[in-house]
Amino acid sequence: MKKTSTPVVPSRETPGSEPLLVVDDLHVEFVTRQGLVKAVNGVSYSLNAGETLAVLGESGSGKSVTAQAIMGILDSPPARIPKGEIRFRGTNLLDLSEEARTQVRGRRIAMIFQDALSALNPVFTVGAQIGEMFRVHRGASKRDAQKKAIELMDRVRIPAAKQRVHDYPHQFSGGMRQRIMIAMSIALDPEVLIADEPTTALDVTVQAQIMELLGELRRESNMGLILITHDLGVVADVADKIAVMYGGRIVENALVHDIYRRPAHPYAKGLLDSIPRVDQKGQELYAIKGMPPNLLDMPTGCAFHPRCPYRQDNCVVDAPPLYEIGPTRGSACHYWREVLDGSHG
Ligand code: SF4
C-alpha cells in the first residue's frame with residue numbers, strides 16, 4: 001500500500017456528512033506456506049460518533065482482522081491489504097506514514113483486547129500501568145499520572161480506587177482487570193474504541209456489567225464504539241447496529257432491533273436461534289451445523305451453503321452480493337425474503 005512521505009494526521013472534524021469511521025471495500029490477505037488466505041473480502045461498514053456497532057461472527061470470520069487493519073497492527077508480511085480504504089474523519093489511514101499512524105493508534109482509535117491478564121504487566125502496579133499512558137503521551141509527572149490513574153479507575157467504577165491504585169494485576173478479579181484495561185484504553189480520550197471480545201473470559205453477570213460500562217463511557221464521551229463478539233446475546237442492549245460476518249464478508253447488516261426481530265440471513269438466524277432463552281427451559285439448544293469455512297479452500301458460490309438449511313441448487317455456484325433490502329439493511333442471501341418470512345429452514 002502506497003504511503004505518503006509526510007505525516008498527515010486526520011483533523012478533529014469530519015468533513016461533510018462523512019461518518020467518523022468508514023471501512024470501504026476492505027480486502028486483507030495473508031501469504032502463508034499453505035497458500036493465500038483471503039481473510040477479509042470486501043468488507044464495508046461505517047460508524048458515527050456516539051454510535052455502537054457490533055461486529056459479529058465465529059473465529060476466522062474476519063471480524064478481528066478488520067479491527068487490526070483499522071488499528072494498523074497487522075504484521076506485514078504476512079498480511080497485506082490489496083484493496084480498500086479505512087477513512088477516519090475523512091482521511092484514508094492506509095495512506096498515512098507510519099509516524100502519522102502512530103499519532104492515531106491508541107490515542108484517537110484505541111482497542112481493548114479480550115485477555116486482560118496477559119495484556120497487563122504482572123510486575124507493575126495497575127496505577128503505574130494506567131499512569132504510564134499519561135507519562136508517555138502527555139509528559140505528566142509521576143504524581144499527576146497517579147492522580148489521573150485514580151480518576152480513571154473511579155470512572156470505570158473500580159471501588160476504593162485510591163487504595164487499589166497500588167495493587168498488582170493478580171490482586172484483581174477477571175472483571176476488575178478488564179475494567180483496568182478499559183481505563184487504559186480510554187485514558188487518552190479516543191474518538192473510536194474497538195473492544196475485541198471484551199467479555200469472553202468473564203462470567204455472565206460480569207459480562208453484562210462490562211457491556212453496561214462500555215455503553216456508559218460511550219455516552220459520556222460521545223465516542224464511536226465497535227464491539228467485536230461471537231455472541232449475539234451480549235450486544236442486544238448496547239449496540240445500535242450490527243454487521244454479521246462469515247468467511248471474510250458481511251452477510252447481514254441491520255439496525256439491532258431489526259435483526260433481533262426478523263433476521264434476513266440464515267447464518268444470522270442461526271446465531272439468534274442458538275441464544276439460550278428462559279422460556280425454553282429444558283429444550284435442546286439449537287446449534288448451527290457444520291464448521292466455519294476453511295479460508296484456504298472456500299466453498300464455491302455462497303460460502304455458507306454447506307451449512308445452510310435454506311440452500312437451493314444455485315447457491316452452490318452463485319455467490320450472492322450484499323442485497324440492499326432496506327435503507328439501513330443488507331443481506332448476502334439469494335433467499336433473504338424466505339428467511340425474513342421464516343417460511344422454511
Ligand atoms: Fe443459504 Fe443460499 Fe442464502 Fe447462501 S445464498 S445463505 S446457501 S440460501
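Helix-only estimate, please: 222 nm mean residue ellipticity of the chain, summing -39500 (n - 2.57) across DSSP H runs of length 4 or more and dividing by its residues, to the nearest 500.
Per the formula, -8500 deg cm²/dmol.
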Given labels modelled 7 Å from the Cα in the Cβ direction, how far is it in nm from residue 18 to residue 341?
-> 4.3
May I ask you to derive the FRET efficiency for residue 230 and residue 142 from their Cβ-Cβ distance with R0 = 35 Å, giving the value to the nearest 0.05?
-> 0.30
What shape does the range 209-345 take by its C-alpha gyration tensor, where a ≥ b ≥ c are the square roots of the eigenvalues and a/c under 1.5 counts as rounded, a/b above b/c as prolate, and the rest as oblate?
-> prolate
Quick one: which residues, 5 or more positions from residue 194 or on another chain, have an amide H under 5 Å from its amide H? H modelled 1.01 Å from N in the peptide plane, none for Pro or chain starts.
-> 110, 111, 112, 226
Electrostatic dipole magnitude of the range 240-345 [Cβ: Lys, Arg +1; Asp, Glu -1; Cα centre; debye, to 20] | 200
If you roll a 1.4 Å probe over the heavy atoms of the protein chains, what accessible area per residue do you get for the range 240-345, in Å²?
-> 55
State log₁₀ I(q)/I(0) for the chain at q = 0.09 Å⁻¹ as given by the Debye formula over alpha-carbon point scatterers of equal weight, solvent excluded.
-> -0.52
May I ask you to derive the relative contact order of the range 298-345, considering only C-alpha pairs under 8 Å and at least 6 residues apart, and to give it as an integer percent?
-> 30
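Which entries in the list 63/147; 63/142; 147/241; 241/269; 63/289 go over 26 Å, if you measure between the two C-alpha atoms of each? Provide the component values of the computation, followed by the final result.
On the way: 63/147 36 Å; 63/142 38 Å; 147/241 36 Å; 241/269 16 Å; 63/289 21 Å.
Over 26 Å Cα-Cα: 63/147; 63/142; 147/241.
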Got a sec to turn the phi values of the range 182-196 into Karplus ³J(HN,Hα) couplings, 6.51 cos²θ - 1.76 cosθ + 1.60 with θ = phi - 60°, whole Hz, x for Gly and Pro?
-> 5, 4, 5, 6, 9, 3, 9, 6, x, 7, 10, 10, 10, 10, 8
Relative contact order, percent, the range 240-345 [alpha-carbon distance under 8 Å, six or more residues apart] = 30
Can you send over the carbon and sulfur percentage of the accessible area for the chain, probe radius 1.4 Å, protein chains only?
-> 50
Could you calculate the contour length gain from residue 151 to residue 312, that is, 0.36 nm times the residue separation minus the distance between their Cα atoms, to one decimal place in nm?
-> 52.2 nm
Modelled label-to-label distance, residue 102 and residue 296, 7 Å Cα→beta-carbon offset: nm?
-> 3.6
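Assuming 0.36 nm per residue, please report the length gained on full extension of the stretch residue 121 to residue 73 beyond their Cα-Cα distance. Spell out each step's value before the answer.
On the way: separation 48, 0.36 × 48 = 17.28 nm, distance 1.99 nm.
Extending this stretch completely gives an extra 15.3 nm.
The values are calculated or read from the model by the stated rules, or taken from the named source; none is laboratory data. What you see is a predicted model, and the numbers here were worked out from it, not measured in a lab. As a convention, Cβ positions derive from the backbone with ideal geometry for all residues, glycine included, and neighbour counts pool all protein chains shown. Only protein heavy atoms, including side chains, enter the accessible area calculation; ligands, DNA and RNA are left aside. Shrake-Rupley method; radii C 1.70, N 1.55, O 1.52, S 1.80 Å.
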